[in-house]
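S.K.: Would you mind keeping the following structure in view while I ask a few things?
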Amino acid sequence: MGMIIKGILAIFWLAVVPAFAGIPVLGKKRNGNIAEIMLTGYMVLFSVTELLTLPMTWLKMPLHVLTVSYGAIALALGIWGLFCLKSQKPLARLREKKFSPDFYMALAVLLILLQVVMCTVLAHMDADDYFYVGTATTDVYTDTIFEVSPYTGREYVMLPRRYVLSPFPVFLAVVSQLSGGLHPSVMAHVFFPFVFLPAAYMVQYCLARKWFPDDRKARGIYLFLAALLCGFSGYSVYNAGNFQMVRIWQGKALLAGMMLPLLFYLCISVLLEKKPSYPWFFLVLANISCCLLSSMGIILAPIMTGCFLAVCLIWTRKWKRVLQGLLCCLPSIVLGIVYIVL
């Protein structure tokens, strides 16, 4: 019974809270959908984690302070979203809309559910878990943040510079504690794939709506092919599909499978459209989220954004939009400078 309660709490913090937290931030967007609300919630909560964890790490504050702070902010955002629920246009349209069967979309959803079951029940044990899951477990049992090495059990002489600016293992430790003390290994190998693998396909669904705005059949085929290609990506251990299927609980895999494609989608929607689909601060949230997941995100996020800014300048010739895009990259640039100094 205790494990069932912990599992319910895990779903609450990983799925329910982000869903409601994304509603007030997304606002009354006309063309929004449920996938966009969920992804917005994840970006907000990832950004909150990054902004809370970094100063607390340098101040050597205990993990339970970070857990309480994150839990309070996430819960407050969720409650705010609950009050904004009635005014959310995508949800209002969802209640009014009559769904008609779509063969290819149903096939895609079935394949995605099969992958979720496989990744959850047949969890792959990766060698990198010695650090990622080990760090979360060590932080939980010592009530510290990046103070004790998961390899030796001794205090760090200096902070691990490759990981301290991208504390995704600390996020794992925090949500494990919020879920009734669920072991970080169970959280990582069971509940993270259950939640984040569908989230990765939500990004692909948003891209499908971008490519084929008026063709439901094409969107279903696109999503089905995306799931099919991901399922047969085991020919290499270095591609995004393999990372997504076998180690989605690691920050670098979530960066490759979910956050960089989401940043790609946002760059198109914010920088290249005549009338941006989102406010420009969504790029700030995406860049900070990439920084949380992996040190590679600190580098790759501003590079991707910068490439789109160059295209934006040529395509639209709107210097104001380019300047806003550069400001969105400031968190990544600052953390990149700190990384070099370390």
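S.K.: Just to be sure I understand the rule: take each whole DSSP H helix in the chain, project its Cα atoms onto its long axis, keep it if the span is 20 Å or more and its mean Kyte-Doolittle hydropathy is at least 0.0. Which ones pass?
M.R.: Flagged H segments are 34-58, 63-83, 103-121, 192-211, 216-231, 295-316.
S.K.: Can you list the residues, at least 5 places off or on another chain, whose amide H is less than 5 Å from the amide H of V148, using H built in the peptide plane?
M.R.: Y156
S.K.: Using label points projected 7 Å from each Cα along Cα→Cβ, tell me how many nm separate N239 and K318, to one decimal.
M.R.: 3.6
S.K.: Another one. For a label point 7 angstrom out from the Cα of V341 toward its Cβ, which stretches of the stretch 136-173 have the backbone nitrogen within less than 14 Å?
M.R.: In the stretch 136-173, the label zone of V341 (backbone N under 14 Å from the point 7 Å along Cα→Cβ) covers 165.
S.K.: Carbon and sulfur: what percent of the chain's accessible surface (1.4 Å probe)?
M.R.: 71
S.K.: Anything over 31 Å Cα to Cα? Flag those among K210/K252; K6/K217; K6/K252; K210/K318; K217/K318; K6/K210, in the order listed.
M.R.: Check vs 31 Å cut-off fails for K6/K217; K217/K318; K6/K210.
S.K.: Right, something else. Per residue, how much accessible surface does the chain expose to a 1.4 Å probe? Answer in Å², no decimals.
M.R.: 48
S.K.: Compare G27, G81, G297 in a GNM of the chain, Cα atoms joined below 10 Å, and give the one with the largest fluctuation.
M.R.: Ranking G27, G81, G297 by mean-square fluctuation puts G27 first.
S.K.: With a 10 Å cut-off between alpha carbons and a GNM built on the chain, which of P193, P150, P55 moves the most?
M.R.: Looking only at P193, P150, P55, the biggest GNM fluctuation is shown by P55.
S.K.: Considering only R247, R161, R219, give the residue with the highest GNM mean-square fluctuation for the chain, with springs between Cα atoms whenever their separation is below 10 Å.
M.R.: Checking each option, the largest mean-square fluctuation is seen for R161.
S.K.: Assuming 0.36 nm per residue, please report the length gained on full extension of the stretch D128 to F83 beyond their Cα-Cα distance.
M.R.: 12.1 nm
S.K.: Please identify the trypsin sites (Lys or Arg not before Pro) of the stretch 271-342 that satisfy two criteria: DSSP loop assignment and at most 15 other Cβ atoms within 10 Å. Which are they?
M.R.: Loop-located and lightly packed - K274, R317, K318.
The values are calculated or read from the model by the stated rules, or taken from the named source; none is laboratory data. Note that this is a predicted model, so its numbers are computed, not measured. Quick reminder, even Gly has a Cβ in these numbers, built from the backbone with ideal geometry, and neighbours come from all protein chains shown. Each accessible area value is taken on the protein alone, full model and side chains, heavy atoms only, with ligands, DNA and RNA left out. Shrake-Rupley method; radii C 1.70, N 1.55, O 1.52, S 1.80 Å.
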